[in-house]
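In what follows, a single structure is set out as structure tokens and then discussed.
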Amino acid sequence: MTGSATQGIKTVLHPVSDLAAAKSVYTALLGVAPQADAPYYVGYEAGGQHIGLVPDGGGQGTASPVTYWAVSDIEAKLAEVTAAGATVKEPAHDVGGGRLVATFTDPDGNVLGLLQDS
């Protein structure tokens, strides 16, 4: 085994077509009010994970949920997965609060995410 291990799945983002309708369902499912509630994003903390609702895939054309694996070095992990056959979809970038995110596709086209908190 080479490279660095992940710290597990910490975030799952769900693209939604109707944010208000999805918010109602996810609030009922999770049993908690959202911690972030904006027209462009609704986010929950539940069971040690962050669950996010993103209208229209956040402009990235994502049509299915994306899991974000926490890593200590996002650039190193991107290099590892691309060397293993993945393709970078969205390079690492800061989304605020010192959090870096990136997405890549596996050989079957599944979109996976990485996140690094500072």
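The values are calculated or read from the model by the stated rules, or taken from the named source; none is laboratory data. Source: prediction; values computed, not measured. Cβ atoms come from the backbone with ideal geometry, glycine included; neighbour counts cover every protein chain shown. For the accessible areas, the whole protein counts, side chains as well, though only heavy atoms, and no ligand, DNA or RNA atoms are used. Shrake-Rupley method; radii C 1.70, N 1.55, O 1.52, S 1.80 Å.
Name the residue, out of G43, G52, G48, that is open to solvent by 40 Å² or more (accessible area, probe 1.4 Å), among the small types (G, A, S) and under 23 Å from S118 (Cβ atoms).
Values: G43 fails: open to solvent by 40 Å² or more (accessible area, probe 1.4 Å); G52 fails: open to solvent by 40 Å² or more (accessible area, probe 1.4 Å).
Going through G43, G52, G48 in turn, the sole match is G48.
Inspect the range 14-35 for any residue being part of a strand (DSSP E or B) and open to solvent by 40 Å² or more (accessible area, probe 1.4 Å) and give the result as yes or no. Step through it out loud before you land on a result.
Looking only at the range 14-35, we keep the residues that are part of a strand (DSSP E or B), and these are 14-16.
Going one step further and asking which of them are open to solvent by 40 Å² or more (accessible area, probe 1.4 Å), we end up with none.
Among the residues of the range 14-35, not one is part of a strand (DSSP E or B) and open to solvent by 40 Å² or more (accessible area, probe 1.4 Å), which makes the answer no.
Can you say whether V81 is farther than 22 Å from Q116 by Cβ and surrounded by 16 or more Cβ atoms within 10 Å (Cβ to Cβ), as far as the supplied structure shows?
Values: farther than 22 Å from Q116 by Cβ: no; surrounded by 16 or more Cβ atoms within 10 Å (Cβ to Cβ): yes.
No, not satisfied.
Among the candidates D73, D94, single out the residue that is charged (D, E, K, R), surrounded by fewer than 19 Cβ atoms within 10 Å (Cβ to Cβ) and touching a Leu at 6+ places or on another chain (Cβ under 8 Å).
Values: D73 fails: touching a Leu at 6+ places or on another chain (Cβ under 8 Å).
None of the other options fit; the residue is D94.
Under 9 Å between Cβ atoms, at least 6 apart or on separate chains: pull out the pairs that start in the range 11-38 with a residue that is on the phi > 0 side of the Ramachandran plot and end on any residue that is open to solvent by less than 70 Å² (accessible area, probe 1.4 Å) and not hydroxyl-bearing (S, T, Y).
G31/A46
Residues of the range 1-13 being in contact with a helix residue (DSSP H, G or I) (Cβ under 9 Å, 6 or more places away or on another chain) and either at pLDDT 95 or above or surrounded by fewer than 11 Cβ atoms within 10 Å (Cβ to Cβ) (or both), which ones? Lay out the reasoning, then the answer.
Initial filter on the range 1-13 (in contact with a helix residue (DSSP H, G or I) (Cβ under 9 Å, 6 or more places away or on another chain)): 2-4, 6, 13.
Correct list: T2 only.
May I ask you to list the residues in the range 97-109 that are farther than 19 Å from A79 by Cβ and either open to solvent by 80 Å² or more (accessible area, probe 1.4 Å) or aromatic (F, W, Y) (or both)? Don't jump to the end; show me each part of the working.
As a first pass, look at the range 97-109 and keep what is farther than 19 Å from A79 by Cβ: 97-99, 108-109.
G97, D108, listed by residue number.
I'd like the residue in the range 62-118 that is among the polar types (S, T, N, Q) and part of a strand (DSSP E or B) and, out of all such residues, is farthest from the chain's Cα centre (by Cα). Steps first, answer last, please.
Applying the first criterion (among the polar types (S, T, N, Q)) to the range 62-118 yields 62, 64, 67, 72, 82, 87, 103, 105, 110, 116, 118.
After this cut, where a residue has to be part of a strand (DSSP E or B) as well, the list is 67, 87, 103, 105, 116.
Numbers: T67: 5, T87: 16, T103: 8, T105: 13, Q116: 11 Å.
For the range 62-118, the residue satisfying everything is T87.
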